[in-house]
Amino acid sequence: MGDKGMKKQARFANTLVLFVALMTALVLVNIVSVYVSGQVDLTDNNVNSLSPQSVETLQAMLSDDSAKMEVRLYISRNLPDSIKGEWGQDVVLRGVSQKLKDKLEEFRAQSNGRLEVIEVTDDTEKQAEDVGVAPFVAEEATVKEGKLEMTRYVLGATFNWEGEVEVLEKALDPNFFEFEITKRLLRLKDRVENGRKIQHLTKTAEALADAIKKCDDEVRAFEVKEDEKQEISGIEGLLKPIENLEEEVEALAKNHDRVAQQCAQVKTVLESQAAAFKGQNKRFDSLLSGDGPEGSIGGVEAYATTVDGLLEALKEEKPDVQLVAQKKGLLTALKEDIDSYSDQLRKAPGQRRIGFVCGHDEFCPFASMKPVIDPKIAQMMGQQNPIHERFIQVALGLQEQVNQILMSIGNGLFRDRDFEVEKVDATRTIGDDVAALVLFGPRQKLSDREMYEIDQYLVRGGTVLVFASNYDVSLASFSEEQVKKMGPFDPNPQITNDFAELKKNDNNIDDLLTPYGITVNQDLVIDPANTAKITLPHSVRRGRMVISGTKDFDYPMLFYARDFDRTNVVVRSLPGLTLPFASTVDYTAKEGQELEVSKLISSGPTAIALEDPSTLPVKPAGSETGEPLKLLPPDLMAQAQAASPDGPHTLAVMATGKFVSAFKGKEAPAKPPKEPDPENPEPPKEEKEPAKLDEGTGRLLVVGSALGLPPLTLEGIFNGVNIQNITQGEILVPQVRFENWKLKVNQLRRAFSETIPALFNMLDWAVQRAALAEIRAKNNAFRPIERIEEGDQKLVAYAAVGGVPLLFLLFGVGYWQLRLARRRRIARGGDHK
């Protein structure tokens with residue numbers, strides 16, 4: 001056989017061996033993959049892998065051999081591809097249910113076989129709603145029994161552990177599945193560990209709920225059931241419900257004694273059991289008395305009072321049908337409130353409360369319990385003069401709008417995100433049930449007693465967050481002075497939103513912090529190189545036309561921070577953070593304190609700290625004279641670029657460890673007297689005060705910015721304006737203040753996409769759930785476009801256009817040269833046959 005034949009056989013044998021080896025390897029890989037699996041997460045921040053914090057939380061809960069956890073999964077069949085979100089945006093559901101299953105499978109794989117996932121498939125929607133999973137609808141609907149009904153879907157889960165249950169109501173965003181699951185695991189853990197402390201309250205609440213249910217069943221026993229109603233048209237159809245109601249009231253009156261006997265248990269439990277526990281727990285107090293405005297009653301007490309009123313009405317020889325119907329409707333509404341209060345009490349051990357100090361013109365997310373304008377007095381004064389009545393109605397409407405917005409902020413920004421917030425009276429002892437205390441940009445001074453209570457809370461082991469607000473900046477807003485000069489009866493009102501002002505706030509935050517070695521300086525940071533954008537009105541002339549709109553401007557007072565203490569969980573994963581109107585923060589060690597201090601956020605070298613720009617001029621580099629700080633974006637940018645940079649500066653400090661009390665060796669300031677209760681003539685009892693401490697371990701976080709969240713309170717809106725002023729037409733001033741608040745929120749809306757998640761990280765750390773801060777940050781990746789010089793922009797453009805083809809060309813030339821070199825080596829070796 002010739003050389004050619006032998007070479008051909010050799011190539012065939014080599015190919016056969018290679019093929020057999022390849023097939024064997026594929027078979028072996030498939031066999032091994034059945035028993036061994038793994039994954040590699042190549043995403044930023046490992047968003048597709050469980051965080052160590054999630055794994056640690058789960059394994060700590062299931063460390064006992066007998067510990068078991070059951071996850072019940074509720075997923076509707078034939079989920080729609082998308083639905084409309086709360087703000088009208090499209091929410092894609094394609095593949096979301098599988099991602100939820102995959103995420104739960106990751107948790108199950110880390111549970112050492114102690115977590116079981118069960119998918120509920122029978123009557124899924126009804127079972128889901130029974131356990132608290134929230135239904136949602138798509139755009140399609142079905143017709144049932146002649147009625148159009150929207151199709152309801154569910155996608156959620158329940159987590160059952162140690163007799164307690166947490167609900168994942170809606171699982172619609174895969175980016176936050178791990179965060180939402182771990183959050184519920186932490187709540188479950190806290191509920192089991194802390195539930196014993198209020199067991200006597202939850203048992204009493206259950207007894208009250210049972211008594212109210214029996215009463216409600218008896219009161220509603222004579223209602224005409226829905227399935228017994230008949231469709232009747234015409235006049236008879238209009239009168240039939242009235243006849244049914246009269247029959248129902250008549251039956252209730254005949255059974256008066258039975259109703260009274262069944263409902264008497266509510267008052268019995270209230271007086272014999274619940275009353276003794278009043279004052280021990282705010283959630284329990286809300287259950288008993290409601291949480292309405294000052295002087296109102298609600299909850300179980302209102303239910304018992306309303307039952308008495310209903311029974312009195314039924315005693316009449318001919319009961320008033322409308323009055324009875326009104327009492328019944330009120331009982332139904334009260335029962336719904338009581339059920340909600342009971343649910344909040346049951347969940348309370350799994351929630352950690354954050355207290356906000358209010359009353360100093362700071363950001364405070366609570367509706368006012370005490371109206372500034374009393375509706376009763378306003379009604380009396382308004383009856384005397386039609387013009388007065390018009391002004392008063394505007395004031396009452398404004399008051400209602402402000403309260404509605406504050407309720408929405410409290411719920412949407414905090415409670416709906418599982419932060420349990422409450423208003424704290426810092427003139428009284430701050431309870432240990434407050435997990436963290438927040439001072440959010442106070443613009444007025446704290447009293448000595450308030451500083452004492454905050455100090456004692458800190459050294460008793462508390463966590464205090466301080467967001468400083470040394471300066472208030474108004475841009476493109478309305479001038480109060482202009483409105484006052486104009487007056488309410490000006491036939492040609494001329495008011496424009498071109499007012500700009502920089503005002504120094506009169507707070508005393510330094511008096512609170514300096515004893516601990518922390519100082520918030522009376523300066524204002526600007527940086528022409530690291531800015532965020534502000535949205536302001538902008539007009540463009542097109543010929544004779546002027547087109548008005550808004551434009552985003554780079555604004556040096558909105559400092560964009562990039563330098564963080566990456567060892568700290570609060571800021572570890574933040575690519576950047578906007579700090580509006582920030583001041584620098586310094587730390588100096590104090591004798592006797594043993595603190596671990598982190599410079600959490602810092603500026604770069606291009607930053608400039610302007611000393612009190614409300615009074616001192618801004619000097620350009622190399623100049624001895626200056627001019628007042630410019631406020632409009634182009635002028636401020638030019639001024640900032642001309643000034644001398646003096647960074648870097650520290651903008652936030654975290655201190656943990658042993659603090660020495662600011663009141664060591666001093667007498668505690670006197671408490672202000674409690675205001676007497678007009679409905680209770682007895683003087684209020686003073687609560688027992690904890691022993692004064694001279695030192696103790698605590699945690700303190702100070703940020704030199706209020707994160708751009710402007711304060712909104714009824715007291716601030718109506719400051720200096722009373723009912724007499726309003727009748728004289730001064731309602732325009734509160735209206736202007738409210739409009740200016742809305743303008744500020746709109747101007748800083750771009751910054752809020754960064755500041756709000758950072759705030760949540762800080763609150764998670766404050767309530768000692770730092771694991772959630774780490775997990776949340778995995779999906780908060782902000783990637784602002786870096787600003788580059790014009791010459792560099794051209795260089796980038798040329799590189800983008802010609803760089804890739806040039807790389808391909810160089811690769812081709814290089815590969816061609818390699819082939820030539822190989823051929824030469826072969827030729828020299830004589831292998832040319």
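The residue that is nearest to Leu610 (Cα to Cα), among those in the range 450-472 that are among the aliphatic types (A, V, I, L, M) and in contact with a strand residue (DSSP E or B) (Cβ under 8 Å, 6 or more places away or on another chain), is Ala468.
Name the one entry in Ile430, Ile392 that is buried (at least 16 other Cβ atoms within 10 Å of the Cβ), touching a Gly at 6+ places or on another chain (Cβ under 7 Å), in contact (Cβ under 8 Å) with a residue 12 or more places away in the chain and more than 16 Å from Phe356 (Cα to Cα). Break it down stepwise before answering.
Working: Ile430 fails: more than 16 Å from Phe356 (Cα to Cα).
Result: Ile392 is the single residue among Ile430, Ile392 that is buried (at least 16 other Cβ atoms within 10 Å of the Cβ), touching a Gly at 6+ places or on another chain (Cβ under 7 Å), in contact (Cβ under 8 Å) with a residue 12 or more places away in the chain and more than 16 Å from Phe356 (Cα to Cα).
For (1) among the aliphatic types (A, V, I, L, M); (2) modelled with pLDDT under 90; (3) more than 24 Å from the chain's Cα centre (by Cα), each residue gets a yes or a no:
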residue	(1), (2), (3)
Leu693	yes, no, yes
Thr697	no, no, yes
Gly704	no, no, no
Pro734	no, yes, yes
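Restricted to the range 554-572, and to residues that are surrounded by 21 or more Cβ atoms within 10 Å (Cβ to Cβ) and among the hydroxyl-bearing types (Ser, Thr, Tyr), which residue is farthest from Ala751 (Cα to Cα)? Checking each candidate, the answer is Tyr555. Which ones in the range 203-227 are crowded, with 20+ Cβ neighbours inside 10 Å and either among the polar types (S, T, N, Q) or free of Cβ contacts under 8 Å to residues at least 60 places away in the same chain (or both)? Selection gives Thr204, Ala211. If you check Lys671 against the conditions, is it of a type outside the set (Val, Ile, Thr), assigned to a loop (DSSP other than H, G, I, E, B) and farther than 20 Å from Tyr555 by Cα? When the stated conditions are applied, Lys671 passes them.
With surrounded by 20 or more Cβ atoms within 10 Å (Cβ to Cβ) and either among the acidic types (Asp, Glu) or assigned by TED's automatic domain parsing to the domain that holds Gly431 (or both) as the only criterion, which of Asp320, Asp361, Asp308 stands out? Among Asp320, Asp361, Asp308, only Asp361 is surrounded by 20 or more Cβ atoms within 10 Å (Cβ to Cβ) and either among the acidic types (Asp, Glu) or assigned by TED's automatic domain parsing to the domain that holds Gly431 (or both). Applying the criterion of being in a loop (DSSP other than H, G, I, E, B) and at pLDDT below 50 to the residues of the range 202-251, the residue that is nearest to Gly290 (Cα to Cα) is Lys229.
The sole residue among Val424, Val459, Val434, Val464 that is under 16 Å from Phe663 (Cβ atoms), out of contact with any helix residue (DSSP H, G or I) (no Cβ under 6 Å at 6 or more places or on another chain), in the same structural domain as Val520 (by TED's automatic domain parsing) and among the aliphatic types (A, V, I, L, M) is Val459.
Picking from Ala655, Ala662, Ala621, which residue would you name as being touching a helix residue (DSSP H, G or I) at 6+ places or on another chain (Cβ under 9 Å), among the small types (Gly, Ala, Ser) and at pLDDT below 95?
Details: Ala655 fails: at pLDDT below 95; Ala662 fails: at pLDDT below 95.
Of Ala655, Ala662, Ala621, the one residue that is touching a helix residue (DSSP H, G or I) at 6+ places or on another chain (Cβ under 9 Å), among the small types (Gly, Ala, Ser) and at pLDDT below 95 is Ala621.
Return yes or no: is Ser548 among the small types (Gly, Ala, Ser) and either free of Cβ contacts under 8 Å to residues at least 60 places away in the same chain or not assigned by TED's automatic domain parsing to the domain that holds Asn746 (or both)? Yes: the conditions hold for Ser548. A Cβ distance below 8 Å, combined with a sequence gap of six or more or placement on separate chains, defines the contacts here; from the range 597-622, residues that are within 20 Å of Pro648 (Cβ to Cβ) reach residues that are among the aromatic types (Phe, Trp, Tyr) in the pairs Val597/Tyr587; Lys599/Tyr587; Leu600/Phe564; Ile601/Phe564; Ser602/Phe564; Ser603/Phe559; Ala607/Phe559; Pro613/Tyr471.
Return the only residue of Val813, Val801, Val796 being among the aliphatic types (A, V, I, L, M) and modelled with pLDDT of 75 or more. Steps first, please.
On the way: Val801 fails: modelled with pLDDT of 75 or more; Val796 fails: modelled with pLDDT of 75 or more.
The conditions single out Val813.
Selection of the range 748-765 for residues being touching an Asp or Glu at 6+ places or on another chain (Cβ under 9 Å) and either at pLDDT 90 or above or of a type outside the set (S, T, N, Q) (or both) yields Arg750, Asp764.
Quick check: anything in the range 524-539 farther than 21 Å from Ala652 by Cβ and crowded, with 22+ Cβ neighbours inside 10 Å? I'd like the intermediate steps shown before the answer.
Here is the first cut: in the range 524-539, the residues farther than 21 Å from Ala652 by Cβ are 528, 533-539.
Restricting the remaining residues to those that are crowded, with 22+ Cβ neighbours inside 10 Å gives 534.
Yes, the range 524-539 has at least one match.
Scanning the range 554-581 for residues that are more than 13 Å from Asn530 (Cα to Cα) and either in contact with a Leu (Cβ under 9 Å, 6 or more places away or on another chain) or of a type in the set (Gly, Ala, Ser) (or both) turns up Phe564, Asp565, Asn568, Val570, Val571, Ser573, Phe581.
Can you confirm whether the range 143-154 contains a residue that is at pLDDT 90 or above and out of contact with any Gly (no Cβ under 8 Å at 6 or more places or on another chain)?
Residues of the range 143-154 at pLDDT 90 or above: 153-154.
Still in the list and also out of contact with any Gly (no Cβ under 8 Å at 6 or more places or on another chain): 153-154.
Among the residues of the range 143-154, at least one is at pLDDT 90 or above and out of contact with any Gly (no Cβ under 8 Å at 6 or more places or on another chain), which makes the answer yes.
The values are calculated or read from the model by the stated rules, or taken from the named source; none is laboratory data. Quick caveat: nothing in here was measured; it's all calculated off a predicted structure. Neighbour counts run over all protein chains shown; Cβ positions are idealised from the backbone, glycine included.
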